[in-house]
Amino acid sequence: MIRVLLADDHPVVRAGLRALLGAEPDLVVELEAGTAEEAVTLAASGRVDVVLMDLQFGGGLPGSDLQGAEATRRVRAQAGAPHVLILTNYDTDADILGAIEAGASGYLLKDAPPAELVQAVRAAATGQSALAPVIVRKLADRSRIAEGRLSPREVEVLGLVAAGRSDRQIGQDLFLSEATVKSHLVHIFGKLGVSSRTSAVASARASGTIRGA
C-alpha cells in the first residue's frame, strides 16, 4: 500500500484528491497538511511514502513564508524521507527546475487527467521521475536552443541510467547529490522530448548518443 500525505492549503482540493486516490486499491491518504510547515513535520513521521505537495501556500505560520519548493528540500533532507511529487497550477521554468532541484521526484499540474496523477504517485513511490507530458513539452521547447544535444555530463548520467543505476547510485558514482542527478534527468527528458527513464534511454540509443545494449 502506498501511503500519501496531501499538502495543500485548500480543503476542497485535498477532499478531491482524497476521493480520487482513495478509490485506488493500492493508494491511501494517510495524512493531510494545510501549510508547508505542517507538511515538513508530518513527512518526518515515518507514516507516508509520497508527499503530494503544492508550490504556493497561504496562511502559514506567523512570520513564515515557507513555500512548496523549500518545504520539498526540507522533507528530502530528512532521514528515510518520503518522495515528493509536486502538484500545482504554476508551470514557469523557475518553478519546475526549482522544485526538481529541491529533490522532487515529479511535477504535475492540477488540471492533469486523474489517471495521469495516479500513475505519477505510483512512479514517485518507487523513486522514478514523473513529469506531466505538458511539462516535458515545455522543457523540450526550452531546450531547442541547444538543438537537443545532451551535454557530456548528461550523456554520462544517461549512460548510468541505461546500466540500471538508481538516482542515488548515479550520484555516488559521479559525486553528485541525488537532487542534482534528478535535475540532469529533467533536462535530458526535455531535450529528448520524453517523460520516462526508459524512453530517454531508448531515444538516446536510437540516435547513437549512448551505446545500445
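The values are calculated or read from the model by the stated rules, or taken from the named source; none is laboratory data. Being a predicted model, the structure only gives us computed values, none of them experimental. Cβ coordinates were reconstructed from backbone atoms using ideal geometry, including for glycine residues, and neighbour counts include every protein chain displayed. Note: areas computed on protein heavy atoms with side chains; ligands, DNA, RNA excluded. Shrake-Rupley method; radii C 1.70, N 1.55, O 1.52, S 1.80 Å.
Observations on the structure shown:
- Rounded to the nearest 20, the size of the Cβ-charge dipole of the range 83-213 about its Cα centre is 360 debye, with Lys and Arg at +1 and Asp and Glu at -1.
- The chain: DSSP helices with Cα axial extent of at least 18 Å and average Kyte-Doolittle hydropathy no lower than 0.0: 178-192
- Proximal charge balance of A120 [Cβ under 13 Å; K/R count +1, D/E count -1]: 0
- Counting Lys and Arg as +1 and Asp and Glu as -1 over every other residue whose Cβ lies under 14 Å from the Cβ of M1, the net charge comes to -1.
- Ordering of 75-83, 22-30 by packing [mean C-beta count within 10 Å, highest first]: 75-83, 22-30
- Accessible area per residue for the chain is 46 Å², calculated with a 1.4 Å probe on protein heavy atoms, without ligands, DNA or RNA.
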